[in-house]
Amino acid sequence: DHLCRNRSCVNPSHLEAVTQLENIRRAFEHHEPRLECPLHGDRLMRNRSRGIRCVECERDRSRRYAQRRKAAGPVACPICGAERPEKTVVRHARLKHGATITVADAREAVA
């Protein structure tokens, strides 16, 4: 078991020989769930697939993502020139034209 819980530590005096079961038990004892948001204080935390966030942090993240997507604008398919959202241009080229492209290819076609 690594006693100082610092993953990058290589000091041999911080190690203790224990069974795997004991090591796992200690790891669970060490971790305490974070119940309040460091930015918004005493807010309800939610466990999402993208990590634990409070409702406000999740809303902020979602809002920033939507703004980035909107600012990026549509990208033209390099084969037919159809304008599509950046997220779907690769799928469009594969399904409609049987072509394998990347988003970078689509951006280069516009430039």
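Data overview
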| item | result |
| --- | --- |
| FRET E, pair Ala27, Lys70, Förster distance 41 Å, beta-carbon r, rounded to 0.05 | 0.45 |
| Loop-resident sites, the range 70-99, for trypsin sites (Lys or Arg not before Pro), counting at most 10 other Cβ within 10 Å (DSSP) | none |
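Rule-based calculations on the coordinates, nothing more; no lab input. Given the structure is predicted, the values throughout are model-derived calculations rather than measurements. All Cβ positions, glycine included, derive from the backbone under ideal geometry; neighbour counts span all protein chains shown.
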